[in-house]
Structure formats: structure tokens, C-alpha cells
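Scroll down for the structure; my scribbles are underneath it.
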Amino acid sequence: MFLMRVGLFFQAYGRATFVVARLMGYKIRRVHRTWGDILLLGFNALQLDTVRSKMLQHGIALTKEDNEGNLWSFEGGDDTVDETMVQEPTPKNPSPSTPVTVPPQMPDNDDRALAAEVLGFNLASATPMEAMLFLNELQKRYGTKRQ
């Protein structure tokens, strides 16, 4: 089982998610991909020492697999699959039956379109990376018009 650094986060996949979730109380997410679903658990890279310490307390040794510390392996711990620990994905955009209300004080069409996009984005179910990519896209689209 592995922990892999992805940007500012470490991620566990598959059965490894259950070990880390049980030890740390982190959430496991099911992510739909074209080739199938994956189980994913992520945490801030700054928390690695805390995770390592907790694993050691439970007799699980974490071994660095590369010089940079981006890949760690471990064995042991309770990796029993428990579907009640897995969060199902929620839609990122509201369904057609969910109206998005744009505040009436927005003066022009660009502002109304921007407000509709922001209000329609489900931040609560987005990963930090998805939120950053969403913001980056909005900045590309609308940022140059406001400078």
C-alpha cells in the first residue's frame, strides 16, 4: 500500500484508504473515472509526520520509496473494505431542476453569467485542486475584462 504526493497533498488509493481513514479519521471519496471507480483519500502534505507517528503507534512502518519523499509504502493496519466509510460523489453543478438565483443587483450580462457559474459550483464536494482549477478558469475568462 502506498501514499503518493500529488502537489500539496498525499493521497492513498484503494484498500490503503481504509487504513489511513481508520487511523486518522479522514474521509474516503469514491471518484468516477471512465475506466471505473477509484477510492481516494487525501491529506495535506504538512500532515505527513502526524500520519507517520499515528501509524508507528499502531505498529505500521512507513517506508520512503524515493529520494524526494513523494512515495511512501506501508504494510499492515485494517484495510477491510467498509462501504459505509466511503463518500459518494455529488454533482458538481446543480441539476436542471435546481434553479440558480443570480442576485438582482448584478448590473451587466458578464456579471450575471459569472455569478451564475460561481453559485452553480458545488464547492462543498470539490477537491482543493478542482476548486483551484475552477477559479483559474474564471480568472482566464473574466479576469482580463476587469483589469
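The values are calculated or read from the model by the stated rules, or taken from the named source; none is laboratory data. Bear in mind the structure is a predicted one, so any value in this text is a computation, not a measurement. Please note: Cβ atoms are built from the backbone with ideal geometry, for glycine as well, and neighbour counts cover all protein chains shown.
Of all residues in segment 116-147, exactly one satisfies the criterion of being over 26 Å from Asp37 (Cα atoms), small (Gly, Ala, Ser) and either modelled with pLDDT under 75 or touching a helix residue (DSSP H, G or I) at 6+ places or on another chain (Cβ under 6 Å) (or both), namely Gly143. Checking the structure you have, find out if any residue of segment 52-59 is part of a loop (DSSP other than H, G, I, E, B) and either under 12 Å from Phe2 (Cα atoms) or of a type in the set (S, T, N, Q) (or both). No, segment 52-59 contains no residue that is part of a loop (DSSP other than H, G, I, E, B) and either under 12 Å from Phe2 (Cα atoms) or of a type in the set (S, T, N, Q) (or both).
Condition check ((1) out of contact with any strand residue (DSSP E or B) (no Cβ under 7 Å at 6 or more places or on another chain); (2) farther than 13 Å from Gln87 by Cα; (3) modelled with pLDDT under 95) across all residues:
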{"site": "Phe10", "(1), (2), (3)": "no, yes, no"}
{"site": "Arg15", "(1), (2), (3)": "yes, yes, yes"}
{"site": "Val19", "(1), (2), (3)": "yes, yes, no"}
{"site": "Arg22", "(1), (2), (3)": "yes, yes, no"}
{"site": "Lys27", "(1), (2), (3)": "no, no, yes"}
{"site": "Ile38", "(1), (2), (3)": "no, no, yes"}
{"site": "Ala61", "(1), (2), (3)": "no, yes, yes"}
{"site": "Glu68", "(1), (2), (3)": "yes, yes, yes"}
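Considering only segment 85-93, I want to know if a residue exists there that is touching a Phe, Trp or Tyr at 6+ places or on another chain (Cβ under 9 Å), part of a loop (DSSP other than H, G, I, E, B) and modelled with pLDDT under 70. Scanning segment 85-93 turns up at least one residue that is touching a Phe, Trp or Tyr at 6+ places or on another chain (Cβ under 9 Å), part of a loop (DSSP other than H, G, I, E, B) and modelled with pLDDT under 70. All of Gly42, Gly25, Gly36 fail the test of being among the small types (Gly, Ala, Ser) and more than 20 Å from Pro128 (Cβ to Cβ), apart from Gly36. Looking at Leu8, Leu23, just one residue is outside the structural domain of Met129 (by TED's automatic domain parsing), within 15 Å of the chain's Cα centre (by Cα) and hydrophobic (A, V, I, L, M, F, W, C), and that residue is Leu8.
Identify, please: which residue in segment 26-47 is assigned to a strand (DSSP E or B) and touching a residue at least 60 places away in the same chain (Cβ under 8 Å) and is, among those, nearest to the chain's Cα centre (by Cα)?
Residues of segment 26-47 that are assigned to a strand (DSSP E or B), as a first pass: 28-33, 36-44.
From the residues that got through so far, the ones that are touching a residue at least 60 places away in the same chain (Cβ under 8 Å) too are 29, 42.
Values: Arg29: 8, Gly42: 6 Å.
Among residues in segment 26-47 that are assigned to a strand (DSSP E or B) and touching a residue at least 60 places away in the same chain (Cβ under 8 Å), the one nearest to the chain's Cα centre (by Cα) is Gly42.
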